[in-house]
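Heads up: the structure comes next, in structure tokens.
What follows draws every value from the coordinates through simple rules; no lab data is involved. If you're wondering where the values come from, they're calculated on a predicted model, not measured in any experiment. For neighbour counting, all protein chains shown are included, and Cβ atoms are generated from backbone atoms with ideal geometry for every residue, glycine included.
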Ligand SMILES: [Zn+2]
């Protein structure tokens, strides 16, 4: 029993020693790179840009930004088109309402409309729906839970029939 314990102890000691040795060699390596002649104005041989270029990050970041900008522009163009459709009285009502709902979704994607954390009426958390009081105002929505949304729909229907 005692023998096993000492062997275990030795194993642990050995791994600790290995770890210390590897740390020491990493330090030594750094010291060697420090000793090499550095280009003017460089704090180390590889700065962040070099490293990111090596990893393909720099190029990737640029294209990502451009793609994001193009995507936002495409969303905005689509939003404009659907707002126009929702105002086009020559189109059937179901097409206009569909475009208004889609325009609201696009507005939310673009950050023009912010979704609250809970239902605006009852403050319950959970799945929220965008309620349109008037489809002629596609971006004017109230975020309601399904229960409150059905109440709001009844209110709109009564207002229209009155
Ligand atoms: Zn609610």
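Tabulated results
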| read-out | value |
| --- | --- |
| Highest to lowest packing among 88-101, 62-75, scored as the average C-beta count within 10 Å | 88-101, 62-75 |
| Burial order of peptide ranges 132-138, 115-121 (average beta-carbon count within 10 Å, highest first) | 132-138, 115-121 |
| Compactness relative to 2.2 N^0.38 Å, alpha carbon Rg of segment 65-161 | 1.18 |
| Contour excess over end-to-end distance, with Cα ends at residue 127 and residue 81 and 0.36 nm allotted per residue | 13.8 nm |
| Highest-first arrangement of 155-161, 107-113, 81-87, where packing means the average Cβ count within 10 Å | 81-87, 107-113, 155-161 |
